Protein chains: 2
Amino acid sequence: MDITAALYLRVADHDPKNPNWPDRDRIIWSTGHKAPSLYLGLAFAGFCPKEDVALLRKLYSPYQGHPHWLKLPGVEVSTGSLGQGLSIAVGIALAARLDKKNHHVFCIMGDGEQQEGQIWEAAMEAGHFKLDNLIGIVDRNRLQIDGWVKDVMNVEPLEDKYRSFGWEVVTIDGHDMNQVVEALEKAKENAKAKPGSGKPTVIIANTVKGKGVSFMENVAGWHGRAPTREELDKALKELGLEGQIPVELLFAHAKQYQAEVERKLEAKMPKFHRNYWWNAAENMKAQMKPTRLGFGQSLASNGDDPRIVCFGLDISGSITISEFYANKPERKSRWISMGIAEQSATSAAAGLAKEGKLPVFGTYATFAAARNLDQIRTSICYGNFNVLIAGAHGGVSVGPDGATHQALEDCFAMCGLPNMSVVVPCDMVETRKATDYLLLKHVGPKYIRFAREATPIVTNENTPFVFGKANVIRLRKEAPNFIEAFETKLESDYRDECEDLTIAACGPMVPEAMRAAWILKSDFGYETRVLNLHTLKPLDTEAIVRAARDTSVVLTAEEHQIGALAWPVSSAITQSPTLYGIPIITGAIGVKDRFGDSGAPWELIKEFEVSAEHIAAKAVELIGIKKSQTGPPVSEVHLVGTK
Amino acid sequence: MDITAALYLRVADHDPKNPNWPDRDRIIWSTGHKAPSLYLGLAFAGFCPKEDVALLRKLYSPYQGHPHWLKLPGVEVSTGSLGQGLSIAVGIALAARLDKKNHHVFCIMGDGEQQEGQIWEAAMEAGHFKLDNLIGIVDRNRLQIDGWVKDVMNVEPLEDKYRSFGWEVVTIDGHDMNQVVEALEKAKENAKAKPGSGKPTVIIANTVKGKGVSFMENVAGWHGRAPTREELDKALKELGLEGQIPVELLFAHAKQYQAEVERKLEAKMPKFHRNYWWNAAENMKAQMKPTRLGFGQSLASNGDDPRIVCFGLDISGSITISEFYANKPERKSRWISMGIAEQSATSAAAGLAKEGKLPVFGTYATFAAARNLDQIRTSICYGNFNVLIAGAHGGVSVGPDGATHQALEDCFAMCGLPNMSVVVPCDMVETRKATDYLLLKHVGPKYIRFAREATPIVTNENTPFVFGKANVIRLRKEAPNFIEAFETKLESDYRDECEDLTIAACGPMVPEAMRAAWILKSDFGYETRVLNLHTLKPLDTEAIVRAARDTSVVLTAEEHQIGALAWPVSSAITQSPTLYGIPIITGAIGVKDRFGDSGAPWELIKEFEVSAEHIAAKAVELIGIKKSQTGPPVSEVHLVGTK
């Protein structure tokens, strides 16, 4: 905040009335998660109304969990995936040189972020090109999510590192405003003195996380959580801001905005005779737990196997991988903290697997399956190594973090890799079973994807889970609670009941598909075969072909860009000679080729049209097509199709 | 070679008779392209027959273009994508520590490779974990493919960099065998002295590329080319090896092996009444040029646009991006060499685009669309920036480089990204037109994929190319040469001719599809509608639906893992209400979920079953299914399908 104030209110040349003024200084927030500080800087500088910053992380809001330049004037670029901002700043600094402009490019980074190799690629470039119009700022608060930087993955001595990459280095007390302003202004002056002939400057600012609030200072846990009302009051008091901030007004503003969001969302939802939302009625009740918990449970119970080695990639608690050692301190020797360096961790996992270990790592699926794709491909899959990768926080239901952290494409890349197996379990229990299986029984590269938000538990200990084999889930009766109304069988044990349609789903879309089956039965009398295709690769094409043959309507549902599930399902149908001549129509529920958004998880399920209501509405449409075709002879079908 | 000799013949503890001896020293070749040196080291140490190294880069050979540990005992891990080896070595060193083993891990790197950020992630880890059982070796020959390292992207001072990352640094003359052996042995001793408490060691070996051969020394061009017979004789003479190497025997051995490969391949090919291979007959003649040339031509002709900025990523000549400035030295100011640092280059391109530039970059598609996937996603696509990415050397026809360098999965990831457009042109001319269009007319993130090998030119100046719109190609007549026998129209201008089938293809599979049409007509009298789906995203689903309706058989052909084209084509068919009830069968030609292989490009086209012969054989099978269905009424189709 101190550096933000110095930059936005004093040092940087910019014009809040003309945010795109070509000669402005550019400020790049490589640590996108510092967005609240950025928004306050913009607001106090006059780019946006101060009270609107209270709309942080709300649906449709310009104040995304990680900054998005297309939503808010003054935000220069969209960031959130650590380590990219310095490279973007290099690009902007190169553009300024090409255009013979004299403005400066500031880039705000974290110290944990220095673990990302891309930082050193960019640092090398800035040194090589002598970009003295580039000023890096490292917020050295010595903490990252998993703990102290020195313990997670020591980045020091940072000064020596930057010097060896060709940078001018200044170290300051980041809370001493004189030092902050002096360092920033001097760095600007240096550049003006002899443009292009000097060095980029990095200002390493020693700071204290949560500075000024006794219970926040130096506590890693305050990375991403909001204070309670009591904590807020205490914090404002300690900061000497008591009574100076219109807290009630800000809360009211946020509340009003939120009400409008909810009204908009509800207006867009498909309508049925009753409200079928989770827990809306007594018999719609389901226990809710995040699927990720099952991953941690499995690691906890199987972790005695001496081959298992778990990597920490800085969000270990959240994705529950730390359950591996949580109650078993003796396992700490097989817990290796790798920091925020997904590429190297991926190849290092291959090295451990080569030596007979069974490495497990995971992080946000965007970083577990995209940042490191080439390493998964070459180090792990080409070598065919026994490594378990967890793509955590998959789907839009990640919630307020927003688009950068919502993996919606990971299964395309993972399913595309030879030797790779991919499982997307439907609830916490199935996640535990899938992890049990993948960890100890399946040898080879394997990817498990799970979600962040609590979702309904729809399986139990007795529900079958066979890798590569679909389950059929059928609504059987009214029951005191949701899950008991359904029967689940291995698809290979199931016999056709001439259902009206099939909904083929994976992951947290399975409970939604079940709820859609409920809606379709209650409102329309339709019978639904829900196929739980938990194994995306290898896909149970036989189950798909049988379902298509028996029901003629196959609707897929995936919390992913449409295609990871929908496309191979269609392909299984059209390639099957036994289905030739059988009328079949498919539909696809999923994200429609767009990026995510900040918002509450269940709001996003609605906004991205992947709720049971959307599944049911599409199902009704498809059944309508099936019913409208009265069955002309095949020889005449050609004409029907062409009219 | 000097370091290889020292390592494999003196310093490393290993047992050629027991390559998996658990206590052996591990040697990791992070620079996988140094494979010839590795193979010779293994051969002279007794791991494999010396004469077999002459099978380098041949099909089915264990001596892959880049080393593959599953093919050759003594190769520790598979490498080829630069920067991954040091991380793998870190993993192996960590495993040794976990197992309380005292062996050492050597990792051979290049100096150009130091541009990869992953190297610095791994260097940080090795320093953090005090992995003194890890010994890095940098072959500092000061050259990389694009020229001198200091010009391409200066990595110096390497000694300071490694020291600041916590390493012990030794600099030696890499051609002075005493210095080499002493440095390696001392590094081993250091580790033994006090295991776990010290530092990793890096030996920076000053070397001369092509040492000892006058015309090879310090010439970057010798990176990947084999000498002619005359050059070989001269080189052996200068090295004092004249008459000491059984050159003729080696050539004969390679020739015999090659003959066996060709016999095997031919035995696996589908057979027809005549030989329809390219140029087999006078009227099968086609001009052959690599598609990549069209990319360079477009950059050369459009490069005066001052917004265009081209990046060099170290294989600039090969992918023809250097044509941008080749004859226009004044454009050199808009040519930025970024070295081997694909991640940072990608984000830097976003920074330039943010400032109104039109950045263009490209490299092997594996590194242009996988190594940097998270950067393409967040820096470019989420920000919706106008950047042209060239995925060069796509498909198995890359040839002898082998699996690591054959991009077979890139379109999955690229088509999966919101805001991204993807074009896969069919020949050099279409590549030029597509580049012209994407570069100047299409605003947004865009990916063009092209191949390395010369492939038939099947379009001309007058052939339509409309982004997002398919072409129909029809065999019309016998003609003096191949291309003239065909007529090409925009699909939207085409009227149904009740063809027997559709072949929907993209990229260099289009000429193969045309040849398949020729085979099908000549041998079977079948009429084929060839759909050139050059735009993979957005896909021309209307053209697909019409083709499916008109022909009932749709066969896709892609030089990619099956699915990037095949799956959305199937999805377009099954989701179309107008096709409901129309019997349709599809088939898919492409790579079948396996990694590539070293070999001659056209051998690989055969081995991976993506030739016209394979397309034609599959087409005959599908038409057989169509014909065998005699057309029962739709009401009875259910039974037909289930029998």
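Of note:
- Using the Cβ-Cβ distance between B:Lys50 and A:Ser333 with R0 set to 56 Å, the FRET efficiency from 1/(1 + (r/R0)^6) comes to roughly 0.80.
- Per residue, chain B reaches -10500 deg cm²/dmol at 222 nm when only DSSP H runs of four or more residues are counted, each adding -39500 (n - 2.57).
- Unit charges at the beta carbon, dipole of segment B:124-206: most positive-side option, B:Asn178, B:Trp167, B:Val149: B:Trp167
- Annotation: the antiparallel percentage among DSSP beta bridges lying fully within segment A:470-639 is about 35.
- As a calculated quantity, the FRET efficiency between A:Lys264 and B:Leu440 at R0 = 35 Å, using C-beta atoms, amounts to about 0.35.
- Taking only alpha carbon atoms, segment A:455-533 gives an Rg to Rh ratio of 0.92, where Rh is the Kirkwood radius.
- Counting Cβ atoms of other protein chains within 10 Å of each Cβ in A:289-300 and taking the mean gives 0.
- Placing a label point 7 Å from the Cα of B:Lys71 along the Cα-to-Cβ direction, the distances to the matching points in the other copies come to 4.8 nm, shortest first.
- Size check on segment A:470-639: the Cα extents along the three principal axes, sorted descending, read 52, 39, 32 Å.
- Whole-percent pair-distance distribution, where bins are 10 Å wide, for the alpha carbons of segment B:289-456: 12, 45, 37, 6, 0
- Here A:Leu70 sits with roughly 90 square angstrom of accessible surface, probe radius 1.4 Å.
- The mean count of C-beta atoms from other chains within 10 Å of the C-beta of residues in A:335-344, rounded to a whole number, is 6.
- Copy-to-copy label distances for B:Trp21, where each label lies 7 Å from Cα along Cα-to-Cβ, are 7.2 nm in order of increasing length.
- With both residues required to sit in the protein assembly as shown, DSSP beta bridges show an antiparallel share near 20%.
- Residue list for segment B:569-602, given a label point 7 angstrom along the Cα-to-Cβ vector of A:Ser628 and an amide N cut-off under 14 Å: B:576-581
- When all protein chains stay in place and ligands, DNA and RNA are ignored, the 1.4 Å accessible-area order of B:Met177, B:Met514, A:Met1, largest first, is A:Met1, B:Met177, B:Met514.
- Exercise: per-residue mean of other protein chain Cβ atoms within 10 Å, A:76-83: 6
- Quotient of C-alpha Rg and 2.2 N^0.38 Å, computed over segment B:115-249: 1.28
- Amide H contacts of A:Phe106: A:Arg26, A:Ile27, A:Ile28, A:Ile135, each under 5 Å away and 5 or more positions distant or on a separate chain (H built 1.01 Å from N in the peptide plane; Pro and chain starts excluded).
- Per-residue SASA entry for B:His14, accessible area with 1.4 Å probe, Å² rounded to 10: 40
- Only Cα pairs under 8 Å and 6+ residues apart enter the sum, and on that basis the relative contact order of segment A:178-239 stands at 22 percent.
- Residue-level accessible surface for B:Lys626, protein heavy atoms, 1.4 Å, Å²: 50
- The apolar share of the surface of the protein assembly as shown, taken as the fraction of accessible area on carbon and sulfur atoms (1.4 Å probe, ligands and nucleic acids excluded), comes to 52 percent.
- Using a 1.4 angstrom probe on protein heavy atoms only, the contact between A and B buries about 10800 square angstrom of accessible area, both sides summed.
- Angle between chain B longest axis and helix B:177-193 axis [Cα atoms, degrees, rounded to 10]: 80
- In Å, descending, principal axis extents of the Cα set of the protein assembly as shown: 92, 82, 62
- Low-density loop cleavage sites - trypsin sites (Lys or Arg not before Pro) in segment A:485-577, where at most 13 other Cβ are within 10 Å (DSSP): A:Arg495
- Quick note on segment B:228-268: its Rg to Rh ratio, both from C-alpha atoms and Rh being the Kirkwood radius, is 1.22.
- Low-density loop positions, trypsin sites (Lys or Arg not before Pro), segment A:66-144 - DSSP coil, at most 10 other Cβ in 10 Å: A:Lys100
- Calculated FRET value between B:Lys192 and A:His273, using beta carbons and R₀ = 51 Å, to 0.05: 0.05
- Annotation: average projected area of segment B:1-63 is 4.4 square nanometres, based on the convex hull of Cα atoms across all directions.
- Electrostatic dipole magnitude of segment B:302-356 [Cβ: Lys, Arg +1; Asp, Glu -1; Cα centre; debye, to 20]: 120
- Inter-centroid distance (Cα atoms) of segment B:157-173 relative to segment A:1-76, Å: 41
- Solvent-free Debye calculation, one equal scatterer per alpha-carbon of chain A: log10 I(q)/I(0) at 0.05, 0.06, 0.07, 0.09 Å⁻¹ equals -0.26, -0.37, -0.51, -0.81.
- Positive contributions from Lys and Arg (+1) and negative ones from Asp and Glu (-1), summed over other residues with Cβ under 13 Å from the Cβ of A:Ala617, come out at 0.
- Helix A:509-519 and the long axis of chain A differ in direction by around 50°, with both axes built from C-alpha atoms.
- Å² of accessible area per residue within the protein assembly as shown, as computed with a 1.4 Å probe and no ligands counted: 33
- Convex hull volume of segment A:2-223 per residue (C-alpha atoms, cubic angstrom): 115
- Share, in percent, of DSSP beta bridges within segment B:289-456 that are antiparallel, nearest 5: 10
- Ordering A:Trp21, A:Met109, A:Phe215 by Cα displacement along the dipole of segment A:2-223 toward the positive end leaves A:Trp21 in first place; charges were set at the Cβ atoms of Lys, Arg (+1) and Asp, Glu (-1).
- Cβ-vector label at 7 Å, B:Glu330, separations to other copies in nm: 7.7
- Segment B:351-403 versus segment A:182-248: alpha-carbon centroid distance in Å: 36
The values are calculated or read from the model by the stated rules, or taken from the named source; none is laboratory data. In this text the structure is predicted, and so the values were computed from the model without any measurement. Positions of Cβ are generated from backbone atoms using ideal geometry, with glycine treated the same way; all protein chains shown enter the neighbour counts. Ligands, DNA and RNA are excluded from the accessible area calculation, which covers all protein heavy atoms including side chains. Shrake-Rupley method; radii C 1.70, N 1.55, O 1.52, S 1.80 Å.
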